[in-house]
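Shown next, in structure tokens, is the structure this report addresses.
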Amino acid sequence: MARTTEQQRIIDIINGWSGALEKARVSRAVRAQAAFELHGAASYLESHWPTTTIRLLHPVEAPLNENNPFGAVDDIYTNLGLLGHPGIDFLCPTGTPVLACHDGLVERADWAGTAGIMVALIHEEDNYRTRYLHLESALVRVGDKVTMGEFIGRSGTSGLSTGPHLHLDYYPAGEPQNNGYGGRADPTPFLING
């Protein structure tokens, strides 16, 4: 996928900051935050913040990978035409139970190329979506209705993965596909503990 001039300009800015910050030995998380701020995240979030209260249950009993937050810049994402990491990762061993973050309808539960085995849910009332990637197995089928906290799969390392973890994508309703993250947004502000 060819990059637009604006995408390339942002990538060039991020790469410049990334190099400067690397010299200062700042963590990847701080570099990611700087990159996120460079492309107008504050104004973006203000204009795209949901008008309803969305709560997403932590899908696994495992910590977030703070070294690879939403928006973290890495060649693997920029080579796919994205500004950075389009989701969040939870560090967990293969076979960890994965729970539905919200009530919803299963839209997909199968092999999805680089995403590996994936489950995709849509919240029918508010029309937002979540996807659970790199699973070892999916325990639901397309058309199933699930409730928040229901067991939907087991974490793994299928597809293009660097090791066992759960990758969570969040697609807000009405989010433009050309937002630099393929229509995804950071789910972290909406996560709640079970």
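Given the structure, is G180 under 14 Å from V98 (Cβ atoms), buried (at least 17 other Cβ atoms within 10 Å of the Cβ) and among the small types (G, A, S)? Spelling it out, it is not the case that G180 is under 14 Å from V98 (Cβ atoms), buried (at least 17 other Cβ atoms within 10 Å of the Cβ) and among the small types (G, A, S). Reported count of residues in segment 136-177, each being surrounded by fewer than 17 Cβ atoms within 10 Å (Cβ to Cβ) and part of a strand (DSSP E or B), is 3. On the stretch given as segment 98-121, residues that are open to solvent by 10 Å² or more (accessible area, probe 1.4 Å), within 19 Å of I192 (Cα to Cα) and assigned to a strand (DSSP E or B) total 1.
When we screen T130, T157, T147 for residues that are over 18 Å from D89 (Cβ atoms), touching a His at 6+ places or on another chain (Cβ under 9 Å) and not small (G, A, S), the only hit is T147. What residue, of N79, N68, is among the polar types (S, T, N, Q) and buried (at least 20 other Cβ atoms within 10 Å of the Cβ)? After applying the criteria, what remains is N68.
Does Y132 meet the test of being part of a loop (DSSP other than H, G, I, E, B) and either free of Cβ contacts under 8 Å to residues at least 24 places away in the same chain or surrounded by 15 or more Cβ atoms within 10 Å (Cβ to Cβ) (or both)? Can you show your working first?
Numbers: part of a loop (DSSP other than H, G, I, E, B): no; either free of Cβ contacts under 8 Å to residues at least 24 places away in the same chain or surrounded by 15 or more Cβ atoms within 10 Å (Cβ to Cβ) (or both): yes.
Here the answer is no, as Y132 does not meet what is asked.
Scanning segment 59-77 turns up at least one residue that is at pLDDT below 80 and of a type in the set (A, V, I, L, M). The numbered conditions (1) among the β-branched types (V, I, T); (2) at pLDDT 85 or above; (3) buried (at least 20 other Cβ atoms within 10 Å of the Cβ) are all true for T94 except (3).
The values are calculated or read from the model by the stated rules, or taken from the named source; none is laboratory data. On a predicted model such as this, the values are computed, not experimentally measured, just so you know. Reconstructed Cβ throughout: ideal geometry from the backbone, glycine too, with neighbour counts over all protein chains shown. Keep in mind that these areas ignore ligands, DNA and RNA; they rest on the heavy atoms of the full protein, side chains included. Shrake-Rupley method; radii C 1.70, N 1.55, O 1.52, S 1.80 Å.
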